[in-house]
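Below is one structure, written out as structure tokens, with a few remarks after it.
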Amino acid sequence: MNAIDPSLEAAPVADWRSYPIHADLMSLQAASDHIAVTWSDSRVSPFHHQWLRDNCSCSQCVYSVTREQLFEIADAPEPLHPQRTRIDEQGQLLIDWQNGHHSAFHPGWLRAHAYDDASRAERFAQRPQSRLWRAEMAEQLATFDYHAVMNDDATLLQWLLAVRDIGLTQLQGVPTTEDVLPVLATRISFIRESNFGVLFDVQSKADADSNAYTAFNLPLHTDLPTRELQPGLQFLHCLVNNATGGESVFVDGFAIAEALRQETPELFRILCETPVEFRNRSRTSDYHCLASIIALDAYGAVSEIRMGNFLRSAFDAPVAQMPALYSAYRRFIEMTREARFRVQRRLDAGQLWCFDNRRTLHARTEFDPTSGARHFKGCYVDRDELLSRIRVLQR
Ligand SMILES: [Zn+2]
């Protein structure tokens, strides 16, 4: 087979990614509703006619400027039959359809999207996976230098991958002025505003509208569990910390959920299946969300923890289920208190926490506001913005 035109490697198809060719198309076998492709490594991938027609990337089917589809599969004749199929000199799969439409498929793209069992298993194994952590992680915190993150895209990417996969990172060498945090956050993307502001100040206030703005011990929680979409990333930038006490505490909510699944699967299931109401009311706002404490993704992996005891309403569950709900809820809180899961660290001026707020529960030990100043600046960025930025940096 002839080598493929290098210009096809760049972005041959309807998106912004490139598709290196890992295997060549060797032969085609026609079946009633699909074409079975045999690759140079002997893998066989069936592609249904509907799927192939749906993914045609010609200029009639995809608008070249947006790289988004114009065609809808319901516009194709049914049943759908290729009139002629072949592999061209460049290694592409060419199809002439019954109504005169022509499609060309780049082998790199086709292989990357093949849905035979082996290809799907390969993609599943390559998906980003959370690296769960426990108390020992305190000794090997993922730590990055602020100036390197700001000036070097490779370091930025390393930091963002750590946020995605570990869910708890620290930046050091951060200037201690109030204008720095928005500049850092927008290195990822725009900030997620809330009723606490674009930026919020964590310091004790006399007229506090949240327990966060007091000097109390704050139990482990996620921020804004009262919202349908909890903020993805939370930043806490320490401008000054001269007070006695007030250490940061973190636990990996995913690690606790997985431990709960192993140790008492019936309690895990209750926290996955029982909706719990979280609410936050002040003189001018009234937020409410009804959702489970543990959320799973389409593959059954833990994808989100929603927890804030001080923002929780009275449980509302069927009478027969109430005792079990309390057993599960108590057990989850007990686990957040267990030393095996807890990372406790003091954050000093010029340091910053960045963590996955939908995974990593955070807390603060009690501090004495009369012993010195303590002022953290905070903000949020959504998880989608983190993941998008990572994918663009990886292109
Ligand atoms: Zn087309």
Inside the stretch 92-102, the number of residues satisfying the requirement of being modelled with pLDDT under 95 and closer than 22 Å to Ala114 by Cβ is 0
Gly108 more than 13 Å from the ligand (Cβ to nearest atom), touching a His at 6+ places or on another chain (Cβ under 8 Å), touching a residue at least 40 places away in the same chain (Cβ under 8 Å) and not aromatic (Phe, Trp, Tyr): yes
Among the residues of the stretch 130-142, are any touching an Asp or Glu at 6+ places or on another chain (Cβ under 8 Å), among the aromatic types (Phe, Trp, Tyr), in contact (Cβ under 8 Å) with a residue 40 or more places away in the chain and part of a loop (DSSP other than H, G, I, E, B)? yes
Have a look at Ile95, Ile87 and point out the one that is in contact with a Ser or Thr (Cβ under 7 Å, 6 or more places away or on another chain), open to solvent by less than 70 Å² (accessible area, probe 1.4 Å) and either in contact (Cβ under 8 Å) with a residue 12 or more places away in the chain or within 16 Å of the ligand (Cβ to nearest atom) (or both). Ile95
The correct count of residues that are exposed (fewer than 15 other Cβ atoms within 10 Å of the Cβ), of a type in the set (Ser, Thr, Tyr) and more than 20 Å from Asn357 (Cβ to Cβ) in the stretch 139-187 is 1
Can you give me the number of residues within the stretch 244-275 that are more than 25 Å from Arg164 (Cβ to Cβ), out of contact with any Asp or Glu (no Cβ under 6 Å at 6 or more places or on another chain), in contact (Cβ under 8 Å) with a residue 40 or more places away in the chain and surrounded by 14 or more Cβ atoms within 10 Å (Cβ to Cβ)? 6
If we keep just the residues of the stretch 31-77 that are more than 15 Å from the ligand (Cβ to nearest atom) and modelled with pLDDT under 90, which is least open to solvent (accessible area, probe 1.4 Å)? Thr66
Just the residues that are open to solvent by less than 70 Å² (accessible area, probe 1.4 Å), β-branched (Val, Ile, Thr) and part of a helix (DSSP H, G or I), please, taken from the stretch 312-344. Ile333, Thr336
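The values are calculated or read from the model by the stated rules, or taken from the named source; none is laboratory data. These numbers come from a predicted model, not from an experiment. Counting neighbours? That spans all protein chains shown, and the Cβs are built from the backbone with ideal geometry, glycine included. Keep in mind that these areas ignore ligands, DNA and RNA; they rest on the heavy atoms of the full protein, side chains included. Shrake-Rupley method; radii C 1.70, N 1.55, O 1.52, S 1.80 Å.
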